[in-house]
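I have placed the structure first, in the form of structure tokens, so that the comments after it can refer back to it.
The values are calculated or read from the model by the stated rules, or taken from the named source; none is laboratory data. Computed from a predicted model, the values in this text were never measured in an experiment. Because the Cβ atoms are built from the backbone with ideal geometry, glycine has one as well, and the counts that use them run over all protein chains shown.
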Amino acid sequence: MRATAARAAALTAVLALTGLLPWLSGTDPALSLLRARSAEQEPTPEALAAIRTDLGLDSGPVALLGRWAAGLLHGDLGVSWVSGTEVLPAVLAGLQVSLTLMGAAAAVALLTGAALAAPAALRGRAGTGTAAAVLAALPEFLLALLLLITVGVWLGGLPTSGWTGPAHLVLPALALGIPAGALLGRLVAEALPAVLEERWVELWQGAGTSRRYVTTAALRRALPPLVPQFAMVAVGLTGGAVAVETVFAVPGLGRTALGAAKSQDLPLLQGAILALLTLGLLAGAVGSAVRRRLLGPALRDASLTLPTARPTPVPTAVPVALGAVLLTTIGWGLLREPYAIHTTARLAAPSAAHPLGTDALGRDVLARLGHGAVPTIGTAAAVCLLAGLVGLLLGFLPDTATGFADVTNALPPVVAGIMVAAVTGPGTGAAALAVTLTAWPPLASHAAALTQEVRASAFLTAQRAMGASPLWILSRHVLPAVAGPVARHAVLRLPGTALALASLGFLGLGAQPPTPEWGLLLNESADYAERAPVAALAPAAALALLAALAVTLAAMTTRRRTTTSQRKSLSLAR
Amino acid sequence: MNPPVPATPLIVADSPAQPTPSAEPLAPPHAGPAGQPLLSVRDLVVRYGTTTAVDGVSFDIHAGETVGLVGPSGCGKSSTAAAVLQLRRPHSGEVRFDDVDLTALDERQLRPVRQRLQPVFQDPYGSLSPRRRIRDQIAEPLRLHGRWSHSAGPRRVAELLDMTGLNPALGSRFPHELSGGQCQRAGIARALANTPRLLILDEPISALDASLRAGILNLLLDLQDGLGLSYLFISHDITAVRHLSNRILTMRDGRLVR
């Protein structure tokens, strides 16, 4: 009940925010509109006032919102400010393209996920290795660019831009589907070993149950806590679609939204965001319905025991080596001058003077990479910390949190970034805000799912019978069971967060030039990939390294945390 | 009323260390039917939504007495146990323990009472936290009720391990490192930490294999002799119930029969 109320409140807020975009917008829409409509007309106060009256911008937020909502109820999304055509047909056309692309990407994702989870399911092997982790952390825009450069430009054979036939579907679907599939496969592969070590598996095997039957049952047990994350992967496709459609010039909904945000065509932006939001909400609703269906009465009857997850050990040398490479590069780059322009050495190949070459303005790529680490990683770490805390807190108010999360979950960071940028204008702060707004729900829903399951486990009944207060149970049993996995999850999301920030930068919604933020850096150098491949690949490699580092670090911190807490309880008992 | 059946320990034991109750053997203070009962349940009704699981059950348990509760699956045995323990608040009826009606107390007022009224559950692994050492779990009731001190606490835990026939070295293990029988002993040790008067044994041996069952039953008998405990022993194993109980109640469809 409370979840429904929270969901309604959050949905109303997002809708109102969308409806009020023209009014909230910090930059004057009238001015940009005047420029878009006729380049030669002078922006006189009279001309601007006429446009404002024409758009109804002077009638105040309530009237604006009321008119937009009334139109919405009649299926009227308004008229594009820039092209003067109806918004609804444009949105529907974009939706059709995007849905086709997402469908193909989902098929790619399922295949990738199944391939990655197969070793764990068949042999009970933990994890899927660092390669899969990096693949999962690889942002769609990065993969899209790599595919564009390698397959499209160097190898040829597949079209890299436009939307005129099935061949145009291949590269965008791969770019969108592979990271999603790697994430799915990884989640399943990490959840399975703990389940396969449970006693019932031995029992069933001993009773001669077929391996396939046991594997199916183990999957059935491992899946319910993961379903919300699967739904989020589906929502992520809508955000990934913005970047992929932009890279491959696919006329889908995401590209429409981004274009509308950049040209301040707010009615079109409202329509596109509404459609993206609806897609996301549908995915979330399907996810929670499936989870409830899978767990059924076990959640209600307090009869569910938890599989105790044991982290996969990672050799300490791996993150140390990765960190050393990354830190050396960043440190080396920090000592160099990132903004000095050498007009004589544009797009230079790597040399002693410029170890990673120079960019199109002749700036040193290594220096820009080093100085870019601060806005990229620093912002991401702050966003992660904040999102982790918010997620943990809200995880204990599962009803309220689920309600809000269902709605925020439907907003991938890129879409949130488009909205925030439409209000405040693009910038590092806007990107950080957008990513924080969308980063907490996965953590909160993970915390809520864990809390719900710990609360449903039998030993908490024993705790109550012992006379333990709710606070005691929360602080001694629920929190320790939840905080560890959620913290690990937050660390695990550091690359994702950094890459979300980078993808906003890449799309021009985040840090602005000349900041050497890595996404922006990649965007700037991608155009010259053929002439200066090292300059283009350097930020891409840095982002991939960061992903690998964070993933391997997460496994290590877990191991250390459990050993110290065990030592502590030992000394207490003495 | 039935006369108390003399309890004869079985011979089989599953543990390397024999249970050695530390207190000097007392004569079980079997108060006759005339005395004040320790637990007095009157017209207990437990409902789940529209289903009535327990429908007007009344019985008494006297100090030092074991009352067996048998019946087919789903007849309301465990619901009765949960309602006596106030883990599921009964719909109506009275649960009078030590002359206090527990149904009239709120959670906060119940907490001190819970020290003297403890459950032992069916699932030996599920009733222990998978992420804590055995000795910490046995110590938890002591900490919870402010009875923990750095000197006396560990001594009490060692004593409880000894009483339940567990090797002290097992205290540093996690539940998944123990056998089912050892976990059940740990669960009993935890229940005994704050010197309860009544244990609600909800199918305590059903999840164990036959050789371990006798060990747990013998342990329960020894503990009763040593500590003067009362038991409500719930099981569908009629032999075990006969072996342990002074009186046997039979439940069917939420009611006591006979």
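A:A144 fulfils the conditions (1) at pLDDT 75 or above; (2) small (G, A, S); (3) closer than 30 Å to A:L192 by Cα except for a single criterion, (3). Among the residues of this structure, A:A430 does not count as one that is out of contact with any Ser or Thr (no Cβ under 9 Å at 6 or more places or on another chain) and buried (at least 20 other Cβ atoms within 10 Å of the Cβ). When A:T400 is tested against (1) modelled with pLDDT of 80 or more; (2) surrounded by 15 or more Cβ atoms within 10 Å (Cβ to Cβ); (3) over 24 Å from A:L494 (Cβ atoms), just one condition goes unmet, and that condition is (1). Kindly evaluate A:L327 against the criterion of being part of a helix (DSSP H, G or I), under 31 Å from the mean Cα position of the chain (by Cα), touching a residue at least 60 places away in the same chain (Cβ under 8 Å) and closer than 30 Å to A:H489 by Cβ. No: the conditions fail for A:L327.
Quickly run through segment A:477-502 and pick out the residues that are of a type outside the set (D, E, K, R), modelled with pLDDT under 80 and more than 17 Å from A:G519 (Cβ to Cβ). Don't jump to the end; show me each part of the working.
Of all residues in segment A:477-502, those of a type outside the set (D, E, K, R) come to A:477-487, A:489-492, A:494-502.
Those left that are additionally modelled with pLDDT under 80: A:489, A:491-492, A:494-496, A:499.
Result: A:H489, A:V491, A:L492.
Only one of the listed residues (A:A49, A:A105) is buried (at least 18 other Cβ atoms within 10 Å of the Cβ) and assigned to a helix (DSSP H, G or I). That residue is A:A105.
Quick test for you: out of B:D209, B:D222, pick the one residue that is of a type in the set (D, E, K, R) and within 25 Å of B:G74 (Cα to Cα).
Numbers: B:D222 fails: within 25 Å of B:G74 (Cα to Cα).
Testing whether each residue is of a type in the set (D, E, K, R) and within 25 Å of B:G74 (Cα to Cα) leaves just B:D209.
For segment A:212-256, the set of residues classified as of a type in the set (D, E, K, R) and in contact (Cβ under 8 Å) with a residue 40 or more places away in the chain consists of A:R220, A:R221, A:E245, A:R255, listed by residue number. Scanning segment B:97-130 for residues that are surrounded by fewer than 19 Cβ atoms within 10 Å (Cβ to Cβ) and of a type in the set (K, R) yields B:R108, B:R111, B:R116. Of the helices (runs of 4 or more DSSP H) lying entirely inside segment A:186-264, the ones with 2 or more residues being modelled with pLDDT of 85 or more, surrounded by fewer than 19 Cβ atoms within 10 Å (Cβ to Cβ) and more than 26 Å from the chain's Cα centre (by Cα) are found at A:199-206, A:211-222. Can you find a residue in segment B:46-59 that is part of a loop (DSSP other than H, G, I, E, B) and in contact with a Leu (Cβ under 9 Å, 6 or more places away or on another chain)? Within segment B:46-59 (the criterion being part of a loop (DSSP other than H, G, I, E, B) and in contact with a Leu (Cβ under 9 Å, 6 or more places away or on another chain)), the answer is no, since none of the residues qualifies.
Quick grid of which residues meet (1) under 18 Å from B:G126 (Cβ atoms); (2) away from every other protein chain (no Cβ under 11 Å):
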site	(1), (2)
A:G427	no, yes
A:A431	no, yes
A:T438	no, yes
A:H446	no, yes
A:A449	no, yes
A:Q452	yes, yes
A:S457	yes, no
A:T461	yes, no
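Check segment B:150-173 and report whether any residue there is surrounded by fewer than 24 Cβ atoms within 10 Å (Cβ to Cβ), within 18 Å of A:H477 (Cα to Cα) and more than 9 Å from chain A (Cβ to nearest Cβ). The answer is yes; a qualifying residue exists. Counting only helices (runs of 4 or more DSSP H) that sit wholly inside segment B:86-192, not one has at least 3 residues that are over 19 Å from the mean Cα position of the chain (by Cα) and of a type in the set (S, T, Y).
State yes or no: is A:T246 in contact with a Lys or Arg (Cβ under 9 Å, 6 or more places away or on another chain), in the same structural domain as A:L101 (by TED's automatic domain parsing) and of a type in the set (S, T, Y)? Even if it seems obvious, please write down each step before you answer.
Working: in contact with a Lys or Arg (Cβ under 9 Å, 6 or more places away or on another chain): yes; in the same structural domain as A:L101 (by TED's automatic domain parsing): yes; of a type in the set (S, T, Y): yes.
Against the criterion (in contact with a Lys or Arg (Cβ under 9 Å, 6 or more places away or on another chain), in the same structural domain as A:L101 (by TED's automatic domain parsing) and of a type in the set (S, T, Y)), A:T246 qualifies.
Taking (1) more than 14 Å from chain A (Cβ to nearest Cβ); (2) in contact (Cβ under 8 Å) with a residue 60 or more places away in the chain; (3) among the hydrophobic types (A, V, I, L, M, F, W, C) in turn, B:L232 satisfies each apart from (1).
Is it the case, given these coordinates, that B:S206 is in contact (Cβ under 8 Å) with a residue 60 or more places away in the chain, surrounded by fewer than 21 Cβ atoms within 10 Å (Cβ to Cβ) and in the same structural domain as B:L69 (by TED's automatic domain parsing)? Yes, satisfied.
Residue-by-condition table, conditions (1) within 21 Å of A:G19 (Cα to Cα); (2) within 32 Å of the chain's Cα centre (by Cα); (3) among the charged types (D, E, K, R):
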{"residue": "A:T44", "(1), (2), (3)": "no, no, no"}
{"residue": "A:L65", "(1), (2), (3)": "yes, yes, no"}
{"residue": "A:A93", "(1), (2), (3)": "no, yes, no"}
{"residue": "A:G103", "(1), (2), (3)": "no, yes, no"}
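Considering (1) closer than 24 Å to B:R114 by Cα; (2) surrounded by 19 or more Cβ atoms within 10 Å (Cβ to Cβ), the lone condition that B:A214 does not fulfil carries the number (1). Listed by first and then second residue, the pairs linking a residue in segment A:332-345 that is free of Cβ contacts under 8 Å to residues at least 40 places away in the same chain and farther than 17 Å from A:A538 by Cβ to a residue that is part of a helix (DSSP H, G or I) and of a type in the set (G, A, S), with Cβ atoms under 9 Å apart and 6 or more places separating them unless they lie on different chains, are A:A340/A:A367. Residues of segment B:69-96 that are within 13 Å of chain A (Cβ to nearest Cβ) and surrounded by 14 or more Cβ atoms within 10 Å (Cβ to Cβ): B:S78, B:S79, B:A81, B:A82, B:A83, B:V84, B:L85, B:Q86, B:L87, B:R88. Checking A:V134, A:V97, A:V82 one by one, the residue that is assigned by TED's automatic domain parsing to the domain that holds A:E197, at pLDDT 90 or above and buried (at least 16 other Cβ atoms within 10 Å of the Cβ) is A:V97 and no other. The sole residue among B:G64, B:G74, B:G68, B:G35 that is in a loop (DSSP other than H, G, I, E, B), of a type outside the set (D, E) and closer than 16 Å to B:E203 by Cα is B:G74.
Could you tell me which numbered condition A:R561 fails, if it satisfies all but one of (1) more than 14 Å from chain B (Cβ to nearest Cβ); (2) over 23 Å from the mean Cα position of the chain (by Cα); (3) modelled with pLDDT under 75? Failed condition: (1).
For (1) assigned to a loop (DSSP other than H, G, I, E, B); (2) surrounded by fewer than 22 Cβ atoms within 10 Å (Cβ to Cβ); (3) touching a residue at least 40 places away in the same chain (Cβ under 8 Å), each residue gets a yes or a no:
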{"site": "A:L437", "(1), (2), (3)": "no, yes, no"}
{"site": "A:S445", "(1), (2), (3)": "no, no, yes"}
{"site": "A:E453", "(1), (2), (3)": "no, yes, yes"}
{"site": "A:A465", "(1), (2), (3)": "no, no, no"}
{"site": "A:H489", "(1), (2), (3)": "no, yes, yes"}
{"site": "A:P495", "(1), (2), (3)": "no, no, yes"}
{"site": "A:A500", "(1), (2), (3)": "no, no, yes"}
{"site": "A:G505", "(1), (2), (3)": "no, no, yes"}
